[in-house]
There are 2 protein chains.
Amino acid sequence: MIQEKIEQAAAILAELDIDLWLTFVRESATTRDPALDMILGANCTWTSAFLISRNGPATAIVGSLDARNVRDHAEYRIVTYTDSIREPLLAYLEQLDPARIAVNYSLSDATSDGLTHGLYIMLREYLAGSPWIDRLESAETLMAALRGRKSPEERRRIQKAIDITLDIYDGVGEYARPGMSEKDIQSYIRGRLGELALEPAWDRDHCPAVFTGPDSAGAHAGPTDRTIEPGHLMNIDFGVRCDGYVSDLQRTWYVLEPGQTAPPEDAVRGFETIREAIRAAAAALKPGVEGWTIDEIARRFIVEAGYEEFPHGLGHQVGRAAHDGSALLCPRWDRYKRSPYLRTEQGQIYTLEPRLTVKGRGIATVEEIVAITETGCEFLSRPQNELFIIT
Amino acid sequence: MIQEKIEQAAAILAELDIDLWLTFVRESATTRDPALDMILGANCTWTSAFLISRNGPATAIVGSLDARNVRDHAEYRIVTYTDSIREPLLAYLEQLDPARIAVNYSLSDATSDGLTHGLYIMLREYLAGSPWIDRLESAETLMAALRGRKSPEERRRIQKAIDITLDIYDGVGEYARPGMSEKDIQSYIRGRLGELALEPAWDRDHCPAVFTGPDSAGAHAGPTDRTIEPGHLMNIDFGVRCDGYVSDLQRTWYVLEPGQTAPPEDAVRGFETIREAIRAAAAALKPGVEGWTIDEIARRFIVEAGYEEFPHGLGHQVGRAAHDGSALLCPRWDRYKRSPYLRTEQGQIYTLEPRLTVKGRGIATVEEIVAITETGCEFLSRPQNELFIIT
């Protein structure tokens, strides 16, 4: 997979008319650069430069003690140093004399923004007085394409993670009973992960995230001792990591009250509004559209149905990370920077995850995963078409 | 521990005459900022600002969906936003009007360099036109003091990690036999970690690192199928994480040849040169010295004994990370930037880890851990005084 991505990067460089992609890192176990997941699959301790050009061998300039580890993980021409990376880096640039150098930082996209500011200062110091100092630019477009365009093997791995997640969700539906706590559900899911020897897709402490009733945090928080109560909604946000690729899916359940045989109308209406918002967004999703236009379809659908607007984007890409890359299906809010304006591409894989609050009951939220095809998109997750029931 | 560190940070701000420490982060599960280990103990998804001032409450400006998770982990006054962090951040600065703002980036120290360059650009955009844009500086001195000055409880946790590591090393000595592979030793150590339900101190794939014989990588690489052979040296670099704090220790063994009852003179001399280099360095280590002077004592000792100079620093700090913070006992090489010139302080905890090559046999390297006291230093690790034997 690493070799495939390095070759893909060289092709995207040609497409964008960029000469060189420089990924500059150090102590990457301490300050992670997500680019290394694509082009190395390991960490570097000393200051290191990974240099992928349109032509010529991919080159890694690394500390002498890191050389073996780099060699074990990917096929780079390796140049080592002990005292300073400055001389071998300048020697490389001298030989290639690139007109455009894309560097691993980005205003908009955290997954393309692994370069720390201290490393940026260091790089500028090394290049001071050389012609290359004025040729640096963000690698975000390159990295977004590299991360976003999934190969068949990448898609197969994501599909596997999705299928396992949905299977675990089926198990949750059989296991969950009123009176159990959010932490009980977490324990059940952790048990399933343990049996499968799999890791969760993000931080263990809120993957799974389990939210029950109207008083729960609703997102980005860990399960509590709050119990599953009749008349409430329960939703779970969860994914697994399989062979380096992840899923990220949400499902919603209603807890029947004594005597009820079906969920009440307000809960059903909340769920169906979410389901239809997802369907409407998916119907419009295809290559070449700006993400905010898709977000707006789902957002407007929910607001027009009388619910409050959801305080986040409709969808993000998934891949090596649960939040995997640049283009987002999100509103044109300042905090999203350029992301809502980037155009979708065939081969990208997105979540669709609107939410709304059903007063007095909790949050209704469903998260599906779709892949962009030549003319539209297709669901990789078997969609949740009905509100699940806990009895 | 988090609350203790936040209070300690406020005191160090006063000592350094800095008004505000700003830690600016986003998607910290994707691009880790090691500062969060000290002041939050969790990750943030949206762009977030952690603001610790000399006076007044520690404040966190976070996305609305991150608020609960932040509240669950630390005692901040929490301000939330949905669209942009700009307005609440400017409102905070307006009220405090800090003259000096220390920000989470550093040229020299990776553990103080969590701010990505994209986030730095974003911060400057938010502050454009305000007086505060010209008041930003690196927080490295503040963060180095905060990370370096271990509290009694931090030291207790590191001691526990050290004691467990040395106990596992005792077990390795009993387990290892000629003909076993480096991977067999790794499996043994992983088994012990599993029994104790502990994580290794750094990347699983080279913690433990196991090196046997003259052809091994010698550092920063994972165990291979290479076997333990009579006449060779084996060394291991390993540590564990206990309650959030780590150890980092190395030990060296000699593999007896048939008929030998003791290691040969060249192996003993290599080992004893390392041992004496450590003793000489430790004898000089005390508060207020520049790290390079301690490195030089060990380095010169080894070179004067006729061995090649080791290609790395003599020691680094340990704490929440195996490479924990700014000041290093290292040579004045370019790649170490300011680190060799920073002065030692009481309460810091350092490794001492020189190495040398014994021709035809392998690497002799020992790594001890010492704490700086009021007048000198004391060993936290029971030192390796004799070359261990595998029979």
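Just a few scattered comments:
- FRET efficiency estimate (nearest 0.05) - Cβ-Cβ, residue A:243 to residue A:14, R0 30 angstrom: 0.55
- Using a Förster distance of 41 Å, the FRET efficiency for residue B:276-residue A:197 (Cβ separation, nearest 0.05): 0.30
- 9 Å beta-carbon shell around residue A:310, net charge (K/R +1, D/E -1): -1
- Interface area, A with B, accessible, probe 1.4 Å, both sides summed, Å² nearest 100: 4900 Å²
- Across the cross-link table entries B:286/B:337; A:337/B:337; B:183/B:359, which are compared at the Cα atoms, the separations over 25 Å belong to A:337/B:337.
- Peptide B:247-259 has a mean shielding of 0, counted as Cβ atoms of other protein chains within 10 Å of each residue's Cβ.
- The spread of Cα positions in segment B:177-335, taken along each principal axis and listed from longest to shortest, comes to 47, 41, 26 Å.
- Dimensions of segment B:1-95 from C-alpha coordinates, computed as largest minus smallest value along each principal axis and given longest first, are 35, 30, 21 Å.
- The orientation-averaged projected area of the convex hull spanned by the Cα atoms of the protein assembly as shown comes to 33.0 nm².
- Rg over Rh for chain A works out to 1.03, both radii taken from alpha-carbon positions and Rh defined as the Kirkwood radius.
- Surrounding net charge for residue B:34, when Lys and Arg each add one and Asp and Glu each subtract one, Cβ distance under 13 Å: -1
- Rounded tilt (10° steps) of B:86-96 against the dominant C-alpha axis of chain B: 80 degrees
- Alpha-carbon Rg with Dmax, taken over segment A:165-237, Å: 11.5, 35
- Rounded FRET efficiency, nearest 0.05, which uses the C-beta distance separating residue B:190 from residue B:389 and R0 of 25 Å: 0.60
- Over segment B:241-391: Rg over Rh, Cα atoms, Kirkwood Rh: 0.99
- If you bin all the Cα-Cα distances of segment B:102-170 at 10 Å, starting from zero, the percentages per bin are 17, 30, 25, 16, 9, 3, 0.
- Helix-only [θ]222 nm of chain A, DSSP H runs n ≥ 4, -39500 (n - 2.57) each, per residue, nearest 500: -10500 deg cm²/dmol
The values are calculated or read from the model by the stated rules, or taken from the named source; none is laboratory data. These figures come from a predicted structure and were not determined experimentally. In this analysis, Cβ positions are derived from the backbone assuming ideal geometry, glycine residues included, and neighbour counts consider all displayed protein chains. For accessibility, only protein heavy atoms count, side chains too; no ligands or nucleic acids. Shrake-Rupley method; radii C 1.70, N 1.55, O 1.52, S 1.80 Å.
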